[in-house]
Amino acid sequence: MTLRAAAILTVLLAVLLGGRPTPAAAADLGALVTVEITAVQPANPAPGGRLVVGGVLRNNSTVSLRDVGVRMQVSSNPVTTPEDVVAVAAGGSVREGAVITQQPGFVTLAPGGETSFELSADLDDLGWASPGVYEVRIDSVDGAADLLGTRSTTIPWFPPGSVPQPAGVVLLWPLVGTPARDAEDVFLSATPAAELGRDGRLRTLLATGAAYPTAVSWVLDPQTQQSAKLLFDDHLALAPDGTVAVQPGDPAAAAWLDQLRQATSGAADVTAAGYADPDSPAEVSAGLLSDLVLATTTAAAQVTEQLDRPVRGGFSWPPEGHLDQPTLDALRGAGVQHVVLAADAVSNPTDSPLLTLSTDSGPITGVIGDADLSAALRTLTARPAEAVAGRQLFLSLVALRSGAGTGPTVVATPPGDWAPAADAVESLLAALTTAEYAEPRSLSAALTAGSAAPESELAATAAIGTAAPLTDEYLAGVAAAGDTLAEIGDIAVQPGESLRGFREALLRSSSARWRPDPAMGALLLDRTNTQIVAQRDRVRISSAGIVSFPGEQGRVPVTVSNDLTVAVTVGLTLSATPSYRIEPAPIEPVTVPPGQRLSLEVPVRVVGSNPLVVTAQLLTPQGKPYGPGEPFTLRTSAYSRVAAWAVGLAFAALIVMAAASILRRVRTSGDGDSDG
């Protein structure tokens, strides 16, 4: 989002919630009254009709206000620039006008009190001589015509036949759910189900998009459909107390999937986004390139299978449309051809919605979202004043493009977690699809027409978004869990689908959805890591706690258990400290069928007589350690017998020596007697 777009949101919401407006009047009594415009009908006025503006007046002061009235002014000259349209949306007034109709002094407002109003006028009496976008201002005045408060909006005025070329509008329509689901498909929060249920944001987006199929270009996350499919049947959910319970199937999820298949059938424009909305810049920074590649390259095939129809792949929508050059290079290397970017993510944005960006693997097309239109979409909330302001801002900005006579295509990119009010977004789509000045276009049409997109490059601040990316420390935990999972993959003979759930759980752990909710991301990662470790430990070794050899050589019995659903091939080695005291014979890798055990005997030679702690360690076929080692104690009696023989021989030698000594003494004594 650009700084101007951020300013629109900040100021617009402040004004709608009671901030000080910017009137143009002879006497200003300090914005004692807040004016909210909650209805503008019709959104696309035509000659012969009536303009109706309704709203609310609210007393902001601490005293009662008498003779509070309201009047409507319209500008005689059109607003000609997007900057002026934005200024009006942000609470300003840029065009003087004549009073068309009023209700003078009709009510007394107590402190904090409010009243509704409705003003109307014949469109033919407004004096709008030329097509364009006009300012309509509602003033609250007292009996002396002094200004108590004011609020303006803009209205496109383009009678039939007055538009030389309508502006093309590509409205990306993301259906991206919250991926709060662990490796065992346990839902960790109620959010995924709530998004699909009554008044849920994904239900709202799907229903309104389905009602106006030519106005939207669907962008689908395969993880969202996975979750919906799980939810419509009995499923597992984590309770607040940490227990896991079976929950009954949710009919709303089944209905949502049915409607999605209908809405995206036929000629609907459908694009697959990366699995679970990956935080691509953070993943590249943390060295998780393989995870990003997996999430990106498999998405189209998954959505194609889910919808039973071909969809566009090679597409990436990074968080808030921001990324850096290394991430752009990585995406292009993974086969991405189109990347959605915010306007301030490129150094020299133009009127073109498509730009060509350079990477180390070749060019990539940037789909550039209009910042002001994106800001307008964010205001389509349940508050009527915000919804009307956002709708009128959106329509007026589009109308200005057609009024310029160039009719360029513009791309509107709502946030991935967009949660508009149903009435508000339906009102916008209804107006957009019937406007003389707008022509809804598909993303496919825009990409086809934009084959010669001008060249550009990423801005220096392209990687900056409003929400902090996932931290390197957090993603190091994702990487460690991935290394453990890779160990299982190394020994599995044909892993097939057995590890897919774990891999996808790690992709969900790297979702950009955890930027504003790091606690849920940490919970998901912790549970996923625990489940992966438990899966790894289903292949293990066991041996007797103490192994005794009758001599210096013997065989160590080891049992390899495989509780996985696939066969595994493992090696085995024995080690001890100090290492010179054990000489195990090499063992060739063995294959253990699923659910079975295999007993091995490892020939070993031991040096020394003291008990020795030995560790039995499984190995992958590549010779890398698999899982934790299994310690046991190895004893040998060989050196004890040698010592006993040595002691016996020494004792015998002493006896012989003693006997010899006695014999010498006897002989010596005998010789003496003879001499006497």
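A short reminder: the numbers here are calculations on the coordinates, not readings from a lab. Please read these numbers as outputs of a predicted model, since none were measured by experiment. So basically every Cβ, Gly included, is an ideal-geometry build from the backbone, and we count neighbours across all protein chains shown.
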Check: On a 0 to 90 degree scale, rounded to 10, what angle separates helix 472-491 from the longest Cα axis of the chain?
Finding: 50
Margin query: Give me P(r) over the range 245-398, computed from all C-alpha to C-alpha distances, binned every 10 Å, as integer percentages.
Written below: 10, 29, 32, 24, 5, 0
Margin query: I need the Kirkwood Rh of the range 300-353: take the reciprocal of the average 1/r across all distinct C-alpha pairs and report it in angstrom.
Written below: 12.7
Item checked: Rg and Dmax of the range 508-551, Cα atoms only, in Å -> 19.8, 65
Check: Distances over 21 Å make up what percent of all Cα-Cα pairs in the range 346-496?
Finding: 62
Next item on the list: Compute the distance in nm between two label points, each set 7 Å from the Cα along the Cα-to-Cβ direction, one at Asp258 and one at Asp360.
Entry: 5.1
Notebook entry, point to check: In degrees, nearest 10, range 0 to 90: what is the angle between the Cα axis of helix 422-434 and the longest Cα principal axis of the chain?
Noted result: 60
Check: To the nearest Å, what is the center-to-center distance of the range 380-430 and the range 509-538, using C-alpha atoms only?
Finding: 37
Next item on the list: May I have the pair-distance distribution P(r) for the range 219-308, computed from all Cα-Cα distances with 10 Å bins from 0 and rounded to whole percent?
Entry: 16, 35, 30, 19, 1
Checklist line | q = 0.10, 0.12, 0.15, 0.24 Å⁻¹, the range 169-247: log10 I(q)/I(0) [Debye, one scatterer per Cα] | finding: -0.28, -0.39, -0.56, -1.11
Check: Average projected area of the Cα convex hull of the range 537-583, in nm²?
Finding: 4.3
Checklist line | Bins of 10 Å, starting at 0 and running to the largest distance - Cα pair percent for the range 465-507 | finding: 24, 44, 21, 9, 1
Notebook entry, point to check: What is the diffusion coefficient of the range 90-168 in µm²/s, taking the Kirkwood radius over Cα pairs and the Stokes-Einstein relation at 20 °C with a viscosity of 1.002 mPa s?
Noted result: 141
Item checked: Convex hull projection area averaged over all views, the range 159-206, Cα basis, nm² -> 5.5
Item checked: the range 218-270 - Debye-derived log10 I(q)/I(0), Cα point model, q = 0.22, 0.24, 0.27, 0.29 Å⁻¹ -> -0.84, -0.92, -1.04, -1.10
Check: Among bridges DSSP assigns within the chain, what percent are antiparallel (round to 5)?
Finding: 70
Next item on the list: Compute the Rg to Rh ratio over the chain from the alpha carbon atoms, using the Kirkwood formula for Rh, and round to two decimal places.
Entry: 1.28
Note to self: Per residue, how big is the convex hull of the range 29-112 when only Cα atoms are used? Give it in Å³.
What the structure shows: 122
Item checked: Value of Rg to Rh for the range 534-636 (Rh from inverse mean 1/r over Cα pairs, i.e. Kirkwood) -> 0.98
Next item on the list: Would you calculate a helix-derived [θ] at 222 nm for the chain, using -39,500 (n - 2.57) for each DSSP H run of n ≥ 4 and dividing by the full residue count, to the nearest 500?
Entry: -10500 deg cm²/dmol
Note to self: Between helix 251-263 and the chain, what is the angle of the helix's C-alpha long axis to the longest principal axis, kept within 0 to 90° and rounded to the nearest 10?
What the structure shows: 70
Item checked: Hull-based mean projected area of the range 575-632, where the convex hull spans the alpha carbons, in square nanometres -> 4.7
Notebook entry, point to check: With a Cα-only, solvent-free Debye model of the range 132-177, what are the log10 I(q)/I(0) values at q = 0.20, 0.29, 0.32 Å⁻¹?
Noted result: -0.81, -1.05, -1.10
Check: What is the chain's relative contact order, in percent, from Cα pairs under 8 angstrom and six or more apart in sequence?
Finding: 12
Notebook entry, point to check: Kirkwood hydrodynamic radius for the range 151-293: how many Å is it when counted over pairs of different Cα atoms?
Noted result: 17.7
Check: If you average 1/r over every pair of different alpha-carbon atoms in the range 460-592 and take one over that average, what Kirkwood value in Å do you get?
Finding: 18.2
